[in-house]
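Single-structure report; data block below.
The values are calculated or read from the model by the stated rules, or taken from the named source; none is laboratory data. Nothing here was measured: the structure is a model prediction, and the numbers come from that model. Cβ sites come from the backbone with ideal geometry, for glycine too, and all protein chains shown count toward neighbours.
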Amino acid sequence: MAAPAWWQRGAVYQIYPRSFADGDGDGVGDLAGIRGHLDHLSDLHVEAVWLSPVFPSPMADFGYDVADFCDIDPLFGTLEDLDRLVQDCHDRGIKVVLDWVPNHTSDQHPWFRASRSSRDDPRRNWYVWRDGAPDGGPPNDWRSEFAAVGPAWTFDDGSGQWYLHSYTPQQPDLNWEEPAVEAAMHDVVRFWLGRGVDGLRIDALQRLAKDPLLRSNAGAARRHDQDWPTAHERLRGIRRVVDEFPDRMIVGEVYLLDLDRVVGYLAGGDQLHLAHNFVFLHLPWDADAFRSVIDRFEALTGGEALTGGEAWPAWFLGNHDHSRIATRYDDGGHGPARARAVALMLTALRGTPFVYQGDELGLPDAVIPPDRVVDVDGRDPERAPIPWEPPSVAGPGAGFTTGEPWLPLVADAERLCVRRQAADPDSTLSLVRRLAELRARSRTLQTGRQETVDAGPGVLAWWREHDGERLLAAVNFAPGPTGLAVLSAPAARWELLVSTDPGRADPPDHGAQRDLGRVRLGPSEAVLLRVHGD
Ligand code: NOJ
């Protein structure tokens, strides 16, 4: 098999720039802050960073409302700062992926200002404008993704029509039925890839194609406001532009809770390289549930470790839109251990892991007092700034900022901060670094064959194999200890490569040779074993 592509080898690390590191003391993270913390990324052996949007924006959706696709918001720095960041990352062998938001713009984007200025403006058709329903209400029943917003339509007094917005009213949807829109957005792709950026994360890809007749959803067999069949041709057009540049990658946010449809955006070798799989993110903490999604993905895509035309998996359990892993799966105090188990699982599964900043620290959600809430959709807790230093030493900004942080930090920044965890070999950060290093050195973990295996109730286990090496990964989803019942290989000998339980009794002495049938797993523990013999 050919060597893996960069986007298959190791993790893509998501930076939410507002909350990563603040270089100028205004309380909001920026590009200078990121450049000042590249050692952290190198220590995590990340293959790439994905930056959430850094483009000029009124920040109604904290950057996902873009007012100029080809510049940098002064809050974050300048275009030259971005160039420097890309250069510095490349010097360290780290790729840079930017967030491209093709479904909508800010209502302050010059295109929308022109479009709303009059029904006769040449840009009128760049957005979705319609007359109201006969009863005077919006043109159809489509709702904003954000429950607090309500209808996906806003009436524009000036031009007397409604415009569509799948998110906030400050984010009007572009009209991808209009060829000039498609061409203009293709030029945005060329702008960034031509500047040396290695890839793009495509925001809200499923929204790029809607029923052109704008029929209501109610009573219909399928939704009319997203995932319309034309999405795939549109995506192929984007991919053709991406393929004008060598060795680039596109990862799509395909927010559909249907694995077959998600895989539909990966198929054929002429669409996405990677897709965020939200079916996985929404799973309950249950071994069988995880196994069935992993198996189904393999079944849908052939399960071969191909770098060419076939679909390659990507796995993630956290981003800036969802409650953090340590909180979501806490269930009465199990969160920290489960966050560690997740780190091992993402490292050892066949596919590209996506790690959201702070998950390498096992951060929980922050508590946001009502007077500090800023997001329309309740996503502030998972966007709390990264604690770099103990507040007792660095002050209340915890090394994130010397100013007033735009969101409160997590409660236990003193214990969870990077400085403290880096000094503790048993910390989550030390574990994540060890796992990443292991994967960076292991072709078996990168692209080896994979097969899940029965391992007893509450246990998810899977083999990875390459070139005669056999690894067994296992996660104990149960809250109590259990045995690893891998019946197919009771007599095999094993060595423990890594355990997520710092209190595990048997030391990870690589020379040890023991009976696989006798492996015990602690509560919420995950292990990676190298197995010899059958
Ligand atoms: C998905 C992004 O991840 C989210 O943060 C944003 O609000 C919506 N798309 C709209 O751009």
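Filter region 168-186 for residues that are within 16 Å of the ligand (Cβ to nearest atom) and in contact with a helix residue (DSSP H, G or I) (Cβ under 9 Å, 6 or more places away or on another chain) and give the result.
Correct list: 172, 173, 174, 176, 185.
Looking at region 120-158 only, could you name the residues that are charged (D, E, K, R), part of a loop (DSSP other than H, G, I, E, B) and under 23 Å from residue 215 (Cβ atoms)?
Once the filter is applied, which keeps residues that are charged (D, E, K, R), part of a loop (DSSP other than H, G, I, E, B) and under 23 Å from residue 215 (Cβ atoms), region 120-158 yields 131, 135, 141, 145.
Does residue 364 satisfy being part of a loop (DSSP other than H, G, I, E, B), closer than 24 Å to residue 435 by Cα and not small (Gly, Ala, Ser)?
In short, yes.
In region 211-255, how many are without any contact (Cβ under 8 Å) to a residue 40 or more places away in the chain and either within 16 Å of the ligand (Cβ to nearest atom) or in contact with an Asp or Glu (Cβ under 6 Å, 6 or more places away or on another chain) (or both)?
The total comes to 6.
Would you point out the residue of region 205-220, among those that are under 14 Å from residue 177 (Cβ atoms) and part of a loop (DSSP other than H, G, I, E, B), that is nearest to the chain's Cα centre (by Cα)? Give the steps one after another, and end with the answer.
Within region 205-220, the first condition is being under 14 Å from residue 177 (Cβ atoms), and the residues that meet it are 207-214.
Now narrow it down to the ones that are part of a loop (DSSP other than H, G, I, E, B): 208-214.
Working: 208: 19, 209: 22, 210: 24, 211: 27, 212: 30, 213: 32, 214: 30 Å.
Checking each candidate, the answer is 208.
Could you check, for region 37-44, whether at least one of its residues is surrounded by fewer than 20 Cβ atoms within 10 Å (Cβ to Cβ), within 16 Å of the ligand (Cβ to nearest atom) and modelled with pLDDT of 95 or more?
No, every residue in region 37-44 fails to be surrounded by fewer than 20 Cβ atoms within 10 Å (Cβ to Cβ), within 16 Å of the ligand (Cβ to nearest atom) and modelled with pLDDT of 95 or more.
Restricting attention to region 203-246, which residues are more than 30 Å from residue 62 (Cα to Cα) and either crowded, with 19+ Cβ neighbours inside 10 Å or of a type in the set (Gly, Ala, Ser) (or both)?
Scanning region 203-246 gives 218, 219, 220, 221.
Select from region 159-174 the residues that are part of a strand (DSSP E or B) and either free of Cβ contacts under 8 Å to residues at least 40 places away in the same chain or within 21 Å of residue 220 (Cβ to Cβ) (or both) and list them in ascending order.
Answer for region 159-174, where residues must be part of a strand (DSSP E or B) and either free of Cβ contacts under 8 Å to residues at least 40 places away in the same chain or within 21 Å of residue 220 (Cβ to Cβ) (or both): 162, 164, 173.
Among all residue pairs at least 6 apart or on different chains, which show Cβ distances below 6 Å where the first residue, located in region 64-85, is farther than 17 Å from residue 50 by Cβ and charged (D, E, K, R) and the second is modelled with pLDDT of 95 or more and away from the ligand (no atom under 16 Å from the Cβ)?
81/31
Kindly check whether there is at least one residue in region 452-464 that is touching a Cys at 6+ places or on another chain (Cβ under 8 Å), surrounded by 15 or more Cβ atoms within 10 Å (Cβ to Cβ), among the aromatic types (Phe, Trp, Tyr) and at negative phi. Break it down into steps so the answer makes sense when it comes.
Step one: filter region 452-464 for residues touching a Cys at 6+ places or on another chain (Cβ under 8 Å), giving none.
Scanning region 452-464 turns up no residue that is touching a Cys at 6+ places or on another chain (Cβ under 8 Å), surrounded by 15 or more Cβ atoms within 10 Å (Cβ to Cβ), among the aromatic types (Phe, Trp, Tyr) and at negative phi.
Scan 347, 401, 352, 428 and give me the residue that is of a type in the set (Ser, Thr, Tyr), more than 16 Å from the ligand (Cβ to nearest atom) and more than 30 Å from residue 274 (Cα to Cα).
401
Being among the hydrophobic types (A, V, I, L, M, F, W, C) and within 17 Å of residue 183 (Cβ to Cβ) is the filter here, so list the residues in region 221-261 that pass it.
235, 238, 241, 242
Residues of region 4-37 being under 25 Å from residue 324 (Cα atoms), aliphatic (A, V, I, L, M) and out of contact with any His (no Cβ under 9 Å at 6 or more places or on another chain), which ones?
If the condition is that a residue be under 25 Å from residue 324 (Cα atoms), aliphatic (A, V, I, L, M) and out of contact with any His (no Cβ under 9 Å at 6 or more places or on another chain), then 12, 15, 28, 31, 34 are the ones that fit.
Select, from 340, 296, the only residue that is away from the ligand (no atom under 16 Å from the Cβ) and buried (at least 18 other Cβ atoms within 10 Å of the Cβ).
One residue alone meets the criteria, 340.
Checking the structure you have, find out if any residue of region 112-123 is buried (at least 22 other Cβ atoms within 10 Å of the Cβ) and within 16 Å of the ligand (Cβ to nearest atom).
Yes, some residue in region 112-123 is buried (at least 22 other Cβ atoms within 10 Å of the Cβ) and within 16 Å of the ligand (Cβ to nearest atom).
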